[in-house]
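Trainee: Before we start, here is the structure in question, set down as C-alpha coordinates.
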Amino acid sequence: MKIINRNKQQGAASIEYIVGSIFVLAALLMPVLPAEGGDGRTSAAEMLIAAIRENYQAYVWAMSIPI
(Lines give C-alpha, C1' and ligand atoms only; values in the text may rest on other atoms or scores of the structure.)
Protein backbone atom coordinates (compact mmCIF):
# COMPACT_ATOMS: atom_id res chain seq x y z
CA MET A 1 0.00 0.00 0.00
CA LYS A 2 1.45 3.30 -1.10
CA ILE A 3 1.18 6.34 1.18
CA ILE A 4 0.25 9.53 -0.67
CA ASN A 5 2.31 12.56 0.18
CA ARG A 6 -0.01 15.27 1.56
CA ASN A 7 2.22 18.05 0.22
CA LYS A 8 1.47 17.00 -3.34
CA GLN A 9 -2.26 17.15 -2.68
CA GLN A 10 -2.16 20.57 -1.09
CA GLY A 11 -3.62 23.20 -3.42
CA ALA A 12 -5.42 20.72 -5.67
CA ALA A 13 -8.85 22.02 -4.63
CA SER A 14 -7.93 25.58 -5.56
CA ILE A 15 -7.06 24.45 -9.09
CA GLU A 16 -10.43 22.71 -9.35
CA TYR A 17 -12.23 25.88 -8.20
CA ILE A 18 -10.32 27.97 -10.74
CA VAL A 19 -11.19 25.60 -13.59
CA GLY A 20 -14.84 25.50 -12.50
CA SER A 21 -14.98 29.29 -12.24
CA ILE A 22 -13.56 29.65 -15.74
CA PHE A 23 -16.26 27.36 -17.14
CA VAL A 24 -19.03 29.26 -15.32
CA LEU A 25 -17.72 32.62 -16.52
CA ALA A 26 -17.41 31.34 -20.08
CA ALA A 27 -20.99 30.07 -19.98
CA LEU A 28 -22.26 33.42 -18.68
CA LEU A 29 -20.34 35.51 -21.20
CA MET A 30 -21.02 33.48 -24.36
CA PRO A 31 -23.84 34.72 -26.61
CA VAL A 32 -27.18 32.96 -26.20
CA LEU A 33 -28.52 31.36 -29.38
CA PRO A 34 -31.85 32.56 -30.77
CA ALA A 35 -33.37 29.10 -30.23
CA GLU A 36 -32.70 29.47 -26.49
CA GLY A 37 -34.44 32.84 -26.15
CA GLY A 38 -31.54 35.12 -27.05
CA ASP A 39 -30.79 37.09 -30.18
CA GLY A 40 -27.32 35.70 -30.85
CA ARG A 41 -25.60 38.79 -29.44
CA THR A 42 -26.88 38.88 -25.88
CA SER A 43 -25.02 36.94 -23.20
CA ALA A 44 -26.64 35.04 -20.37
CA ALA A 45 -25.16 37.52 -17.90
CA GLU A 46 -26.87 40.43 -19.69
CA MET A 47 -30.16 38.53 -19.68
CA LEU A 48 -29.76 37.79 -15.96
CA ILE A 49 -29.03 41.44 -15.15
CA ALA A 50 -32.05 42.58 -17.19
CA ALA A 51 -34.32 40.10 -15.37
CA ILE A 52 -33.05 41.26 -11.96
CA ARG A 53 -33.63 44.91 -12.92
CA GLU A 54 -37.17 44.19 -14.09
CA ASN A 55 -38.03 42.28 -10.92
CA TYR A 56 -36.48 44.95 -8.71
CA GLN A 57 -38.47 47.68 -10.45
CA ALA A 58 -41.67 45.73 -9.84
CA TYR A 59 -40.67 45.26 -6.19
CA VAL A 60 -39.95 48.98 -5.72
CA TRP A 61 -43.27 49.86 -7.34
CA ALA A 62 -45.16 47.43 -5.11
CA MET A 63 -43.44 48.73 -1.98
CA SER A 64 -44.27 52.34 -2.85
CA ILE A 65 -48.04 51.71 -2.84
CA PRO A 66 -49.55 52.83 0.46
CA ILE A 67 -51.69 50.27 2.20
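The values are calculated or read from the model by the stated rules, or taken from the named source; none is laboratory data. Source: prediction; values computed, not measured. A quick note on method: Cβ atoms are made from the backbone with ideal geometry, for glycine too, and the neighbour counts reach across all protein chains shown.
Trainee: Name the pairs whose Cβ atoms lie under 9 Å apart, with the first residue in the stretch 42-67 and closer than 19 Å to ALA26 by Cα, the second of a type in the set (Gly, Ala, Ser) and assigned to a helix (DSSP H, G or I), and 6 or more positions between them or separate chains?
Mentor: If the second residue must be of a type in the set (Gly, Ala, Ser) and assigned to a helix (DSSP H, G or I), the pairs left are THR42/ALA50; ALA44/ALA27.
Trainee: Restricting to the stretch 29-64, what's the tally of residues that are among the hydrophobic types (A, V, I, L, M, F, W, C), assigned to a loop (DSSP other than H, G, I, E, B) and modelled with pLDDT under 85?
Mentor: Number of matching residues: 2.
Trainee: Another question, if that's okay. Within the stretch 42-67, how many residues turn out to be out of contact with any helix residue (DSSP H, G or I) (no Cβ under 9 Å at 6 or more places or on another chain) and among the small types (Gly, Ala, Ser)?
Mentor: 5
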